[in-house]
1. For region 29-48, indicate whether the set of residues that are assigned to a helix (DSSP H, G or I), under 55 Å from the mean Cα position of the chain (by Cα) and closer than 29 Å to Arg144 by Cβ is non-empty.
2. If Ala200 meets every condition in (1) surrounded by 13 or more Cβ atoms within 10 Å (Cβ to Cβ); (2) touching a helix residue (DSSP H, G or I) at 6+ places or on another chain (Cβ under 9 Å) apart from one, which number is that one?
3. Checking Arg111 against (1) in a helix (DSSP H, G or I); (2) charged (D, E, K, R); (3) touching a Ser or Thr at 6+ places or on another chain (Cβ under 8 Å), only one condition comes out false. Which one?
4. Is at least one residue of region 205-228 in contact with a Pro (Cβ under 8 Å, 6 or more places away or on another chain) and farther than 25 Å from Gly7 by Cβ?
5. Could you give me the residue pairs with C-beta distances under 9 Å whose first residue belongs to region 370-384 and is touching a residue at least 60 places away in the same chain (Cβ under 8 Å) and assigned by TED's automatic domain parsing to the domain that holds Leu403, whose second residue is hydroxyl-bearing (Ser, Thr, Tyr) and surrounded by 12 or more Cβ atoms within 10 Å (Cβ to Cβ) wherever it lies, and which are 6+ apart or on separate chains?
6. Restricting to region 103-139, what's the tally of residues that are surrounded by fewer than 17 Cβ atoms within 10 Å (Cβ to Cβ) and over 28 Å from Val21 (Cβ atoms)?
Amino acid sequence: MAIGVTGLSVGLAAGGVLLVVVLGFALQRTADTEAFKTADAVARLANHGALPDPLPVAGGEVRVQVIDDQGRVRAASIDADRLVPMLYPGELARIGDRDRLFVPGERYGMRGPVRVVAVAAGPVGDPRTVLVAKSMADVAQSVRLLRNTLLVAFPLLVGLLTVVAWRVVGATLRPVEALRASAEEITGSGRAGQLPVPAARDEIHRLAVTLNGMLDRLESARVRQRAFVADAAHELRSPLANMRTQLEVAQRLGDRTDWAGVSDDLLADTVRLGRLVDDLLLLARSDEPGRLSRPPRPVDLADLVAEVTRRYPTPPVRFEPSEPAWTTGDPDELRRVVANLLDNAVRHANAEVTVTVRPAGAYQMVVVTDDGLGIPAADRDRVFGRFTRLDDARARDAGGAGLGLAIVAELVRRHGGTVTLSDARAGAAVPGVRVEVRLPAVDPPVADLPATGPPSDVR
């Protein structure tokens, strides 16, 4: 605020100085114009040889003389000296036609500085010079009055502006200070909170709303991060505790330890631990900006799904062949989507898992159906959360870590698609689960387009 008031004061001071200068210049020009007008009128009389005695002038602050080339006074106004010229010889020699200069008013018994103008007159053989002296006391008084008024009013005006600026800026910044204090309290306490939102619908109101939205997102991210770390630590603790228990038991048994069985169990736990770490890394990367880890390329979903399903026994997995279904993306990530869906379906199916691929308008749709117990409608959104299990009593070895569907949802989102759950057989005692993954459809690559004309005869 101090900088603003200082800048405003400097601007007002510069404006005041400019006003005084402009006013003085304007009044000076007006006085010169009036003096020259009087001199021109007397010069016309001299040119016609009709100079009256005394010379007529308007006002008591004007003196007029007509002198010859010898410096003698030939005619004068009623208040002018008839013997001594108004200008000294040196001044007469220096002044020319329509020139002007200032002389002290005391020389003529006039107030203030005096402006003297000269205009040539008379015939060529008998040249004359008309001198008009006009008092500038009124001009100087006007400029002095304006200057003194500004000198008195300027400090008062600056003081008033300072008070007004202090009140206005203080009232304007008071909500900002409230925002700052609330933000400091929230960050200092480490707890969730909201900034006060001003009632006025102005920029500060919008700033407070935006900051509250940002705080909500930060708090949500903090809660997710804490939950993610806690769940990850819990999940990693299980295989590590299992491995430690097996090693401690084997160490106590000594030579009676079945090292082959222990190594098989440790290898299984290590594989499970490695898969869990891979899943955690994938989900951690999904929180970073960006879409795909590698540039997308055309992918035939039908061929990719057929490739993945061949890794599973038949039964229970049954793939229904289909026409090529092209989309774009990362083949490895799409394989991960299909594999996670099949793992989940096989884990919960009673006897059969069906996989189909078919077009659905602007999308290609992958459908995985199982004949298990199904998922209640109220839990279908929740199962896509991280570390979510609907049956918490199940053993973790059988139930997995609860990351499979979370990875599916994240990878499908990064490919611009959607994933939904529904009953495989609505109204049945054992409804099963139907998972639909929709991915954007694209035209097949040029090399995969069928020929449209008869085969050419290539020799």
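The values are calculated or read from the model by the stated rules, or taken from the named source; none is laboratory data. None of these values were measured; they are calculated from a predicted model. Ideal geometry is used to build each Cβ from the backbone, glycine not excepted, and the neighbour counts take in all protein chains shown.
1. The answer is yes, given that some residue of region 29-48 is assigned to a helix (DSSP H, G or I), under 55 Å from the mean Cα position of the chain (by Cα) and closer than 29 Å to Arg144 by Cβ.
2. (1)
3. The failed condition is (1).
4. yes
5. Close Cβ pairs (under 9 Å, with a partner that is hydroxyl-bearing (Ser, Thr, Tyr) and surrounded by 12 or more Cβ atoms within 10 Å (Cβ to Cβ)) amount to Asp370/Thr354; Asp371/Thr354.
6. Count: 7.
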